[in-house]
Amino acid sequence: MPFLNRVYRVGFPDFTFQDENAPEADVPIQEQVLILHYMMGGTSPVPASPGNWIAYREIPGASFYFGPFVKRAVNPLKKVFGRNVSGLVRAAEMLAGKAIEAGDAGFEFHLLPHAPMRLILWEGDEEFEPEANILFSESIADFFSPEDVAWYAGMLVYRLIALSV
């Protein structure tokens, strides 16, 4: 299962996880949980509408978890890259992010095969604070709960941050 620029082998029925490039490394438990939820969730081989993007609040049941989503994903994206768009560009390229025409920097990521995500960043300056948005395929709720989506976005943002240093 490809995830966050790694490929994991998932053993069944014991649910063991092994990174193909680093078999001795531990796979973080939250990554294991997301991968299992993803594998259990999707019933369709392709997203229902791959070209339709929605904001986090549009995910059914997500309004309750919006605050943690912003703290976990949107705010760190703005804080680290809001005045360092070139750092985001370099990190996104390392995760095979596809540049899109949006904001000052926008990228589409396919961390899992049928659960794409878009990050859009508007650089801050002396007059305006940085802004960011994260969009999801409208079929994201087929795979993940709102809490999982927040973790999913946060994992991408924190991996980008780690790659930018």
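The values are calculated or read from the model by the stated rules, or taken from the named source; none is laboratory data. The structure presented is a predicted model; accordingly, all values stated were derived computationally and were not measured. For neighbour counting, all protein chains shown are included, and Cβ atoms are generated from backbone atoms with ideal geometry for every residue, glycine included. Note: accessible area is taken over every heavy atom of the protein model, side chains too, but ligands, DNA and RNA are not part of it. Shrake-Rupley method; radii C 1.70, N 1.55, O 1.52, S 1.80 Å.
For region 120-165 and region 49-119, what is the separation of their C-alpha centers, rounded to whole Å? A separation of 3 Å, based on Cα centres.
Here region 60-138 is treated as an ellipsoid with the same Cα gyration tensor; its semi-axes, largest first and in whole Å, are 20, 18, 10. Our Cα-only numbers for the chain put the radius of gyration and Dmax at 15.8, 56 Å. Considering only Val27, Gly82, Ala115, and ranking their Cα positions along the charge dipole of the chain that arises from unit charges at the beta-carbon of Lys, Arg, Asp and Glu, the one farthest toward the positive end is Val27. The residues packed around Leu88, meaning those with a beta-carbon under 11 Å from its beta-carbon, carry a net charge of 0 if Lys and Arg are +1 and Asp and Glu are -1.
Residue ranking by accessible heavy-atom surface, 1.4 Å probe, largest first, among Lys78, Lys98, Lys71 comes out as Lys71, Lys98, Lys78.
The listed residues Arg118, Arg57, once ranked by accessible area (1.4 Å probe) with the largest placed first, stand as Arg57, Arg118. Taking a Cβ cut-off of under 15 Å around Gly41, the surrounding Lys, Arg, Asp and Glu residues balance to a net charge of -4, with basic ones at +1 and acidic ones at -1.
Given DSSP loops and a limit of at most 16 other Cβ atoms within 10 Å, what is the longest stretch of the chain that contains no such chymotrypsin sites (Phe, Trp or Tyr not before Pro)? The answer is 16-127. Compute the label zone of Ala96 within region 8-34: residues whose backbone N is under 15 Å from the point 7 Å along Cα-to-Cβ. Only 8-9, 20-21 pass the distance filter.
Relative to the 2.2 N^0.38 Å rule of thumb, region 52-99 has a C-alpha radius of gyration ratio of 1.38. So, with a 1.4 angstrom probe, what is the percent of accessible area on region 7-165 that is carbon and sulfur? Summing carbon and sulfur atoms, their accessible area is 55 percent of the total for region 7-165. Normalised size of region 112-152, defined as Cα radius of gyration per 2.2 N^0.38 Å with N residues, equals 1.50.
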